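First the structure, in the form of structure tokens, and then the observations on it.
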Amino acid sequence: MKEGFRQSMAWLHTWSGLLVGWVLFMVFAAGTSAYFRDEISLWMKPELHAGTAAPPAVPEQAVAWALQHLQDKAAGSPRWTIELPSEREPLLRTGWTVPPPATAASAPRADERPRRARFASATLDPATGRPVAAPRETRGGDFFYRLHFDLHYMSAIWGRWIVGCCAMFMLVAIVSGIVTHKRIFKDFFTFRPKKGQRSWLDAHNATAVLALPYHLMITYTGLVTLMFLYMPWGQEAVYKDDRQTFIAEVFPSSAGFSNQKPTGMAAPLVPADALLREASTAWHGAAVSRVVISNPGDATARVTLYRQEAGKLSANQSSMSFDGTTGQLLGRAGEDIAPASETRGVLYGLHIGRFAHPLLRWLFFASGVAGCVMVATGLLLWSAKERQKHAKALAKGGRVGFGLRLVDGLNLGAVAGLPLAMAVFFWANRCVPVSIAERPAAEIACFFWAWGLAAVAGLAWPARRLWQIQLALGGLLFALLPVLNPLTGGMGLVASLAAGAWRIAGFDLTALTLGAGLLAAAWHVGQRKPAAKPRATAPEADAPFLVAEPAGAGR
């Protein structure tokens, strides 16, 4: 091999990033937004905005309100859940399992699968215990969270395999990029604007090095989160078919659930405040985040309390289980964890970032945005280099090759089309009628229709003008979200700032910032002039975004 090791890595870096770059851009964008999925979900339920300014709730009182509500609404349910208010979720959430009908008329036929129980929920005001107005149905921020590793409109298993393969390509691209750039840290402080290909190389290097530890961490830990799917052989060799033991040892916080069947003997629940105090004392003052009650009202009732893990790096959650009728402690889980399980818990916790306080969460978000820019500039840089190779042919009226035109179209559909589709998703949340059936699916359909149309338009006309149109449209839709919010029943930006509802105000301010950035990019595209204007009348004569300047330009 004539090339040295470092030079050979350049080829690997280019193609491992290009072949899956469009999927990686979506994964970075959706995953980055998932850092604030609770805040996104809250914004997309304007019916709940008024309750976000309520004072902090007392846990014992909140649990008492929730239990009273569950006893009134779900007395026959085999399982209750209570999500206590937190800094990011100020409302009290209750849920219960609704078993399938047991009548003979509703029983499934022999050739049918058994009907599954469904889950019902209600949101309460933690200060009064009264149910708040039922919010509109929406997937909210959970849509982006699931999209970044499950994809959509396909089997979740297939989606995770696709994303996992792309993540492996990403890891190869990062490592080969470190090897091939011998002046990587010096290049971080170098940016040459208006230099065509050089400018995009500088932007790519700067955003890559700026958050390099984050890029390595998020890619590797993303693979670790699904390692039992990608590499199941160790689990199969050790545990065979004993899945219950495997889950209890690897995911210790799930060991508190009761599998006992109810006896039919009625028995009252033990007062919850005593259990809350005992758990808080055992956890050195840490609060309870969730309460799960199995077989409520039966002699076999079990109450499981989950610790609020704010600030804890590991995703493994501690829990305590009590006898629901006597209050006797039955067991503790998630505390004495095996090293391998705790290592996985820490890596998983790093990936999802739930431990992060607000400033660190915003730093994670900024690093994720830098990842989006890194992937986008890498894709655009390849187009710029290829177009430079064809500069002479284009100057003589030639046509670009199919590969370059395809990449140009995919770049447009991904880099400009995805932000536009995300903005459409938020607008659909406020414009789709609240009463229609399958409303969450309708919002998601609007997202994919917008993205699909943007991608098809990009493939049909990968021109500079279309870049400007899609960026401007996406920027305008994002920038107008703070205006749309109060007009459709939400709390406006000024009102949320005055009331201290920072979760709603933060969404509006972020939307304004993203809108301003996209509008600035659209303006920049409109200001730039193609470096070499072919005289041909073919469609390719309208140079797409990022035409590379001829060699030596700007020197």
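Structure above, values below:
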| item | result |
| --- | --- |
| Residue check, F448 aromatic (F, W, Y) and open to solvent by 30 Å² or more (accessible area, probe 1.4 Å) | yes |
| Hey, T207 modelled with pLDDT of 90 or more and under 26 Å from H148 (Cα atoms) or not | no |
| Unmet criterion (only one of (1) open to solvent by less than 30 Å² (accessible area, probe 1.4 Å); (2) among the charged types (D, E, K, R); (3) under 23 Å from A203 (Cβ atoms)) for R439 | (3) |
| Number of positions in region 473-495 that are part of a helix (DSSP H, G or I), open to solvent by less than 70 Å² (accessible area, probe 1.4 Å) and closer than 27 Å to A520 by Cα | 11 |
| Condition check for E278: open to solvent by 40 Å² or more (accessible area, probe 1.4 Å), modelled with pLDDT under 85, among the charged types (D, E, K, R) and assigned to a helix (DSSP H, G or I) | no |
| Pair list, Cβ < 6 Å and 6+ apart or interchain, from region 26-38 residues that are more than 10 Å from I352 (Cα to Cα) and assigned to a helix (DSSP H, G or I) to residues that are hydroxyl-bearing (S, T, Y) and open to solvent by 10 Å² or more (accessible area, probe 1.4 Å) | R37/Y145 |
| Lone unmet requirement of (1) touching a residue at least 40 places away in the same chain (Cβ under 8 Å); (2) out of contact with any helix residue (DSSP H, G or I) (no Cβ under 6 Å at 6 or more places or on another chain); (3) within 23 Å of F144 (Cα to Cα) for R465 | (3) |
| Total residues in region 295-320, condition open to solvent by less than 30 Å² (accessible area, probe 1.4 Å), more than 14 Å from M265 (Cβ to Cβ) and in a strand (DSSP E or B) | 6 |
| Breaking point among (1) modelled with pLDDT of 90 or more; (2) under 23 Å from the mean Cα position of the chain (by Cα); (3) open to solvent by 20 Å² or more (accessible area, probe 1.4 Å), for R88 | (1) |
| Candidates A450, A505, A455, A416, filtered to the one that is free of Cβ contacts under 8 Å to residues at least 24 places away in the same chain, part of a helix (DSSP H, G or I) and in contact with a helix residue (DSSP H, G or I) (Cβ under 7 Å, 6 or more places away or on another chain) | A505 |
| Pick from region 392-413, criterion part of a helix (DSSP H, G or I) and surrounded by fewer than 19 Cβ atoms within 10 Å (Cβ to Cβ), ranking: modelled with the highest pLDDT | L406 |
| Pairs, first over 16 Å from I82 (Cβ atoms) in region 270-299, second among the aliphatic types (A, V, I, L, M) and part of a strand (DSSP E or B), C-beta under 9 Å, six or more apart | E278/L305; E278/M320; E278/L329; A282/M320; A282/L329; W283/M320; D298/A266; A299/A266 |
| Residues being open to solvent by less than 30 Å² (accessible area, probe 1.4 Å) and hydrophobic (A, V, I, L, M, F, W, C) - total across region 1-26 | 5 |
| Looking only at region 54-70, and only at residues there that are in contact with a Pro (Cβ under 8 Å, 6 or more places away or on another chain) and in a helix (DSSP H, G or I), the one that is surrounded by the fewest Cβ atoms within 10 Å (Cβ to Cβ) | Q61 |
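Yes or no, residue by residue, for (1) within 30 Å of S155 (Cβ to Cβ); (2) open to solvent by 30 Å² or more (accessible area, probe 1.4 Å); (3) part of a helix (DSSP H, G or I):
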| site | (1), (2), (3) |
| --- | --- |
| D202 | no, no, yes |
| V209 | no, no, yes |
| H215 | yes, no, yes |
| V238 | yes, yes, yes |
| A248 | yes, yes, yes |
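Listed here are the residues, each with its yes/no results for (1) in contact with a Leu (Cβ under 7 Å, 6 or more places away or on another chain); (2) open to solvent by 40 Å² or more (accessible area, probe 1.4 Å); (3) outside any strand (DSSP E or B); (4) within 18 Å of L70 (Cα to Cα).
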position: T263; (1), (2), (3), (4): no, yes, yes, no
position: V270; (1), (2), (3), (4): no, no, yes, yes
position: V291; (1), (2), (3), (4): yes, no, no, yes
position: F322; (1), (2), (3), (4): yes, no, no, no
position: E335; (1), (2), (3), (4): no, yes, yes, no
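The values are calculated or read from the model by the stated rules, or taken from the named source; none is laboratory data. None of the values given here were measured: they were computed from a predicted structure. So basically every Cβ, Gly included, is an ideal-geometry build from the backbone, and we count neighbours across all protein chains shown. Each accessible area value is taken on the protein alone, full model and side chains, heavy atoms only, with ligands, DNA and RNA left out. Shrake-Rupley method; radii C 1.70, N 1.55, O 1.52, S 1.80 Å.
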